[in-house]
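Data block below; observations after.
The values are calculated or read from the model by the stated rules, or taken from the named source; none is laboratory data. The structure presented is a predicted model; accordingly, all values stated were derived computationally and were not measured. All Cβ positions, even for glycine, are placed from backbone atoms using ideal geometry, and neighbour counts span all protein chains on display. Calculation scope for accessible area: heavy atoms of the full protein, side chains included, ligands and nucleic acids excluded. Shrake-Rupley method; radii C 1.70, N 1.55, O 1.52, S 1.80 Å.
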Amino acid sequence: MLNYKSSIIEDKKYSGLSIKEISPIMKLNLRGKSRDFLSTIGKNINMILPIEANTSSSSDKYTSMWLSPDEWMIISNNIIDKENNNYEIEELLFNKISKTNLGSVTDVSDQFVLINLEGESVFDILSSGCAFNFNEFMQKKGAVTQTLLAQVDIIIHHKEINNINLFVRRSFSEHLMSWINDAASRL
Amino acid sequence: MFLINCPFCGERDQSEFKAGGEAHIERPKQPTELSDDQWAEYLFMRKNIKGVQFERWNHAHGCRKWFNMVRDTSNDEIKLIYKMGEKPPTE
Ligand SMILES: [Zn+2]
C-alpha cells in the first residue's frame, strides 16, 4: 500500500524562491515509435507529442514532455481528485495503445513527486547542484530536460519564465527537498 | 570532467553518462560449435588500449539511449559519436 504522506510538509519561501509540492497530479509514461502510435495519441488526447528533443507541448488539460526519441510523460495541468485513482485518459490510452501493441502506457502518478519552484533564483539553486548548462534552457518556455541534481535523477519542465516543475522519484524526494532547502537557505 | 554530445539530447556533462565497454563485438552465429576458449574470447576479452578506442556509451541520466563513441583513451578526446546500428568508420 502506497504511503501518501508527503515528505514535503510545508511550502517554503526564500528570497527569490518559493517551493511547494503540487499534488495529486496525473502522470503517465508513454512509450512507442511507430507513426500509428503518434497519430493514435494525437487523436485521442487532442495533442501532438513533441518530436523535437528537450521540448514539451500543452493543451488546456494536459502537458506532454519529451523524454527520449520514443518516450514521453503526460501530466494533468490541474490537480485531480484525491479519492479516485482512475484517470479517464489512462484507460482510453491503455485500450488504444497498450492493448493494440502500438506502445505502452504506464501510470507513474505516484512514482514521481512534483515540486514547483518559482522565483528569480530558481536557476541559481539548480546550477549550484547540477552540471547542466541552463543558459539556453532558462530563456525557453516549455523546455524539458532530464539530468542530475545533487546526484538525484530529475525531470525539469520550464513552465513559465522563472517557474519550473521538477519531477523526482518519490523515494528520493525527501533527500532532494532537504538539499534544496539547505541550498536555498544560503542564497 | 568533459562534455559528451548525446545524439538525441545534445551536449551534456559526462556525469550523466555511463560507459558500456567495447563496441562492435558480434555474437558468434553458432555458439555451440565454439571451444570454451573461443567462447571466453567473445564473452570476456576486451581491448584496453592507450589510444583510439571504439566504445558504447549510455545516456543513463538523460534519454537512456545507447550510442557509439570513438575516444582517445589517453586524453579523452572524442573523435566521433554515432548511433547504434551504424557502421564504424573505417579510417
Ligand atoms: Zn540523451
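Using the beta-carbon distance between residue A:82 and residue A:34 and R0 = 30 Å, what value does 1/(1 + (r/R0)^6) give for FRET efficiency, to the nearest 0.05? After rounding to 0.05, the efficiency reads 0.25.
What the Cβ-Cβ distance of residue B:81 and residue B:32 gives, at R0 = 30 Å and to the nearest 0.05, is a FRET efficiency of 0.25. The simple spin-label model puts a point 7 Å past each Cα toward its Cβ; for residue A:131 and residue A:160 those points are separated by 3.4 nm.
For the range A:27-107, the gyration tensor built on C-alpha atoms gives an oblate shape. Its axis ratio a/c (a ≥ b ≥ c) is at least 1.5, and a/b is not larger than b/c. Could you give me D for the protein assembly as shown, from Stokes-Einstein at 37 °C and 0.692 mPa s, where the hydrodynamic radius is the Kirkwood radius over C-alpha pairs? Units µm² s⁻¹, please. Roughly 156 µm²/s, to the nearest whole number.
Length available on full extension from residue A:182 to residue A:101: 0.36 nm per residue minus the Cα-Cα distance, which gives 24.6 nm. With R₀ set to 30 Å, the beta-carbon distance separating residue A:13 from residue A:60 gives a calculated FRET efficiency near 0.55.
What number results when the radius of gyration of the range B:1-66, computed over Cα atoms, is divided by 2.2 N^0.38 Å?
For the range B:1-66, the normalised Cα radius of gyration is 1.43.
Treating the angle as unsigned and between 0 and 90°, give the value, to the nearest 10°, between the Cα long axis of helix A:170-184 and the longest Cα principal axis of chain A. Value to nearest ten degrees: 30. Residues in chain A average 52 Å² of solvent-accessible surface per residue, probe 1.4 Å, ligands and nucleic acids excluded. Over chain A, dividing the summed -39,500 (n - 2.57) contributions of all DSSP H runs of at least 4 residues by the number of residues returns a 222 nm mean residue ellipticity of -6000 deg cm²/dmol.
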